[in-house]
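Okay, structure first, notes after.
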Amino acid sequence: MNQTPNAGPHPERIRARIHEGALHRVTRMYTAGLADVFTEALQNSRRAGATRVRVTTHEVSGAQAVAITDDGAGITDPAVLLSFGENGWSEETVRREDAAGMGFLSLARRGCTIASRTRSVAGWRVDLTPAHFLGEEEASILPDEDAPRPHGTAVRFRAEEAREVIRRALENAVRHYPLPVALDGETLPRRDFLGNAVHTEAWRGLAFGVLNSGSRYRDEPDLNFHGLILPVHLPTVHPVDGPAWSVRADVEDCPDLELVLPARKEAVETSFLEEMREAARTAIYRAMAKAYTAPVLAFGEWTRARAAGVELPEPAPALRPWRPPVADIDNWLAGPSPEPLPGDALLMDADLEPPEAQALWRAAERGGTAPRLFEADRRFQGYAWYDALPRVADVRTDVALGGEARPLADFQAPPDRSGPSNEPLPRPEAICMRLDVENPDGTSETIALDADLAFAGEAWAWLADVRPLVTAGSGIEAAELADLLRDAWFSPSDEAGADSWETQRARFEEEALHLAIGLLCSEEEALRRTIACAVRRELFWLIPRDRAVTITVRGGKIGVDFAEGEDVR
């Protein structure tokens, strides 16, 4: 095989270096926003040992002149300002904080003036433009009697932003900063990053603070690096019931934590970071163990806490009572609170659609089985009490009509139908709902429930395709049946041209009541109720509340008579 010869000789060894072309890109290392400028300046002040920082603003030629002044140690060698990657910090500071020596690049696009004085070096000043940061021009160091006294550093720059914007950016930068900062003489408010914690503990140069105030959004800052807050995605533990428990970390002296340089807006994914997250989770478990009432944990979370050396109490046998789902999924209710389990409790592990579930609930209430039914919650799998519960794995419905019991599926509308399929069927003699129960020991049993109602028809179908089956001896009222139809099938349209939810529901309830009346009442009674519904819908608002009205329709003519002075209340 022929190989292409090298274009030229290559070195035997190579070493990392910074190409001078990188200088022309330094203005891109920061966004040049006020947030970066204030953050970097404040971090430099803190590292320099400052005890306070003053920020002043005043208007010059339509812009704001901003000055950030501290009482820190000052800068001995001005050359470090343009020697990117080099800094004047002590070895200890560099080790503890991984100081990058690039903070002044946040001002590379804006330009700035730096004035400084140390205990041993007289005051000096340098005016830096973007050309200086790009290495295109040399900057002159000038003596400055106005440099901060007795020592410190002042950073001045021009800001096109409004003063309100400047104030907001500075307030955000100092919110969790360890030193007092004043803006034009007013000390800005600060807050303890762990101030709302219910439990705090130290770990490898960090302080963990555990909060039980609920869930947080994914990229919410959970680490405070001396006033710079950023997300490192510390864990959140979600109890089965109650608010979520989360954790924050405050950096004290943690050289093992690596942040992406130069802006430090995210953490480097290292093995230390994984250890930190696991330690934070354990801190949450310890906080839970101290709580007056320990939260109820899923079995997997509970065993994880035990593996971490934190003993949390096993939750008592309690589950939410089972309630049937409704078709209007946007209006599902949370359901009742967990209750202690009776000795004959059954887990509802069958996946039922709303029509079948609504019919089952009615049958279970009639037969006294409803108090035994509880929602299955697989988060509890593994606890001995949960694994010992029998489960309702399936529900079968048989309908007795004409002396013959047949599966409910036999009463579905034929696939080749034309027009509505809910023409009334003969009312069956009996309906039986059978719960197939699986026991923990591998055996099974069947619980039979005497029902007076079942729904034939596909779930999530139109009301015109629903076929209610009501036994001949049922005492169900038309309004009750209409409510069940609504719960089992009403699912509003969210299309742009659809009516409001209220209008759609009202129309559905009216149609459901009409269907229920036609099924349960005689022809004459159904007609009478239908007319009454139409009057209530269309005319009721016209009729005076304190007068009786008689409407007569005969031979195509309509008569309306008022009963004078009659009190109809």
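Worth a mention:
- Top-ranked residue of the stretch 456-478 - restricted to ones that are at pLDDT 90 or above and β-branched (Val, Ile, Thr), ranked as surrounded by the fewest Cβ atoms within 10 Å (Cβ to Cβ): ILE476
- Which numbered condition GLY309 misses (of (1) touching a strand residue (DSSP E or B) at 6+ places or on another chain (Cβ under 7 Å); (2) open to solvent by 60 Å² or more (accessible area, probe 1.4 Å)): (1)
- The stretch 390-436, residues that are part of a loop (DSSP other than H, G, I, E, B), modelled with pLDDT of 90 or more and open to solvent by less than 70 Å² (accessible area, probe 1.4 Å): PRO390, PRO428
- Single residue of TRP302, TRP385 found to be part of a helix (DSSP H, G or I), over 30 Å from the mean Cα position of the chain (by Cα) and in contact (Cβ under 8 Å) with a residue 12 or more places away in the chain: TRP385
- One residue alone among THR93, THR31, THR39 is at pLDDT below 80, more than 19 Å from ALA147 (Cβ to Cβ) and within 38 Å of the chain's Cα centre (by Cα), and that residue is THR31.
- Residue count for the stretch 305-349, restricted to those that are outside any loop (DSSP other than H, G, I, E, B), free of Cβ contacts under 8 Å to residues at least 40 places away in the same chain and hydrophobic (A, V, I, L, M, F, W, C): 3.
- Boolean, GLU495 is farther than 25 Å from GLN412 by Cβ, touching a helix residue (DSSP H, G or I) at 6+ places or on another chain (Cβ under 7 Å) and open to solvent by 70 Å² or more (accessible area, probe 1.4 Å): no
- In summary, ALA202 fulfils each of the numbered conditions (1) open to solvent by 60 Å² or more (accessible area, probe 1.4 Å); (2) touching a Leu at 6+ places or on another chain (Cβ under 8 Å); (3) assigned to a strand (DSSP E or B) with the single exception of condition (2).
- Pairs, first more than 20 Å from GLU258 (Cα to Cα) and open to solvent by 20 Å² or more (accessible area, probe 1.4 Å) in the stretch 277-291, second among the hydroxyl-bearing types (Ser, Thr, Tyr) and assigned to a helix (DSSP H, G or I), C-beta under 7 Å, six or more apart: none
- Residue in the stretch 324-339 that is touching a Leu at 6+ places or on another chain (Cβ under 6 Å) and either more than 30 Å from ARG467 (Cβ to Cβ) or surrounded by fewer than 18 Cβ atoms within 10 Å (Cβ to Cβ) (or both) present: yes
- Scanning the stretch 249-272 for residues that are in contact with an Asp or Glu (Cβ under 8 Å, 6 or more places away or on another chain) and in a helix (DSSP H, G or I) gives a single hit, PHE272.
- Taking the criterion of being in contact with a Gly (Cβ under 8 Å, 6 or more places away or on another chain) and hydroxyl-bearing (Ser, Thr, Tyr), the residues of the stretch 39-55 that qualify are THR39, SER45.
The values are calculated or read from the model by the stated rules, or taken from the named source; none is laboratory data. This structure is a prediction, so every number in the text was calculated from the model and none was measured. With ideal geometry, Cβ positions are generated from the backbone for all residues, glycine too; neighbour counts draw on all protein chains shown. In case anyone asks, the SASA skips ligands and DNA or RNA and just uses the protein heavy atoms, side chains included. Shrake-Rupley method; radii C 1.70, N 1.55, O 1.52, S 1.80 Å.
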